[in-house]
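Structure first, commentary second.
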Amino acid sequence: MIESKMKAAKRPIHAVTTWVRRQPPKVKAFLGVVSAMTALVLLRMIVHDHDNLFVAAEAVHALGISVLIYKLTKEKTCAGLSLKSQELTALFLAVRLYCSFVMEFDIHTLLDSATLVTTLWVIYMIRFKLKASYMEDKDNFAIYYVVIPCVVLSVLIHPSTHHHIINKISWAFCVYLEAVSVLPQLRVMQNTKIVEPFTAHYVFALGIARFLSCAHWVLQVLDTRGRLLTALGYGFWPIMVLLSEIVQTFILADFCYYYVKSLMGGQLVLRLPSGVV
């Protein structure tokens, strides 16, 4: 009886996902935008203090790191993880910590410190303790493809504040690099096609954290009727801050869709079709 009810509940979900999968890319993009806008409207109605979204984003990110720690300590394997993504994460966190110390020290400085320490531990585990299980041949994303453009972009477009030019460029660099730091991890998953549960949970947590952070910025802009953008500075910088948040979200959106679909289908292992990430 229970099994028949579960099958009946899955039929509409399967029908919807099948229909979405058959749509052309433009229709999928439109449906994605509509879904994102709907989620933003719901968040605006439910969450009155939008700063809580930023706190929630950091909490979800911390949860994802906890899953990663469990994988490395209990499963004793780093298979499916990208060392390059972890190194890019450590890089932008280190730069952001420097900016926090010299520009504005707050609670987020402490949170970033804890995240950096954890990320450095993950890098140590992959490089030394669990090196035998590291898929180096699958982790073949050339990181200079993202680091060099981020450096150039940060020199050209950075905050127009009273801080030293080095600090302003560093601030811009960590914003841009954070937006694309997950790309090597997505390349590893695309190369392997099959993503084991703990890695999938970790990347999904990153996707949710990025969406909540993006929602925080978008809703703040709407609530202030655009005044927040001018408060961030002048020129292209305010737009680039918001665009970086949106880019982070959309980079992971496709993966999150297949993750939810796999979860609803009762599959523990996520299988990615070609061209997803």
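Each value in this text was obtained by applying a stated rule to the coordinates, not by laboratory testing. Values in this document were obtained by computation on a predicted structure and should not be read as measured data. Counting neighbours? That spans all protein chains shown, and the Cβs are built from the backbone with ideal geometry, glycine included.
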Inset, instruction - Treat every Asp and Glu Cβ in segment 94-165 as -1 and every Lys and Arg Cβ as +1, leave all other atoms uncharged, and give the resulting dipole magnitude about the Cα centre to the nearest 20 debye. - result: 240
Inset, instruction - Could you list the chymotrypsin sites (Phe, Trp or Tyr not before Pro) in segment 56-155 that lie in coil according to DSSP, counting only those with at most 15 other Cβ atoms within 10 Å of their Cβ? - result: Phe105
Legend entry - Inter-probe distance in nm under a simple model that places probes 7 Å from Cα toward Cβ, at Ile69 and Val55: 2.1
Inset, instruction - Please name which of Phe92, Thr115, Thr73 has its Cα lying farthest along the dipole of segment 68-129 towards the positive end, using unit charges on Cβ (Lys, Arg +1; Asp, Glu -1) and the Cα centre as origin. - result: Thr73
Legend entry - Point-to-point label distance, Glu136-Thr109, nm (Cα→Cβ direction, 7 Å offset): 3.9
Legend entry - Cα-projected label distance for Ile165 with Leu263, points at 7 Å along beta-carbon direction, nm: 4.7
Inset, instruction - When a/c is below 1.5 the answer is rounded, else prolate if a/b is larger than b/c, else oblate, so apply that to segment 128-226 with a ≥ b ≥ c taken from the square roots of the Cα gyration tensor eigenvalues. - result: oblate
Legend entry - Residue-count net charge about Tyr176 - beta-carbon cut-off 14 Å; Lys, Arg +1, Asp, Glu -1: 0
